[in-house]
Amino acid sequence: MSTAIKISKEIAEEAKLSAKVSRRSMAGQVEYWAFIGKIAEDNPDLSFLVIKDILLGRQQLKEGLGTPYIFGEGD
């Protein structure tokens, strides 16, 4: 279920431009920003790049692309 929200024209224009670069819809771009913003707000010590890497790693694991780390090996 989607809900209509009002955003400023400036944010809408920025989202439109970023959406093209990211190959998302404008709504998808705003949703992505909100998703990342919520994570950042909940985890203020993490940088954007760390958040992005964590999300990428989680997706890789979901798709079976991860390899287990065994403590003590390779040290």
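Every number in this text was worked out from the coordinates using simple rules, so none of it is lab data. Bear in mind that the values here come from a model prediction, so they are computed numbers and not experimental data. All Cβ positions, glycine included, derive from the backbone under ideal geometry; neighbour counts span all protein chains shown.
Data table
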{"quantity": "Total lysine pairs under 20 Å (Cα atoms) in region 9-62, excluding pairs fewer than 8 apart on one chain", "calculated": "4"}
{"quantity": "Neighbour-count order for Ile39, Ile5, Ile11, fewest beta carbons within 10 angstrom listed first", "calculated": "Ile5, Ile11, Ile39"}
{"quantity": "Cut-off of 10 Å, at most 12 other beta carbons, DSSP loop: longest stretch of the chain lacking such chymotrypsin sites (Phe, Trp or Tyr not before Pro)", "calculated": "1-68"}
{"quantity": "Geometric extent, Cα atoms of the chain - Rg, Dmax (angstrom)", "calculated": "16.8, 54"}
{"quantity": "Calculated [θ] (222 nm, deg cm²/dmol) that DSSP helices of n ≥ 4 give over the chain, each run adding -39,500 (n - 2.57)", "calculated": "-20000 deg cm²/dmol"}
{"quantity": "Spacing of the two label points (7 Å from each Cα toward its C-beta) at Ile70 and Ser22, in nm", "calculated": "3.9"}
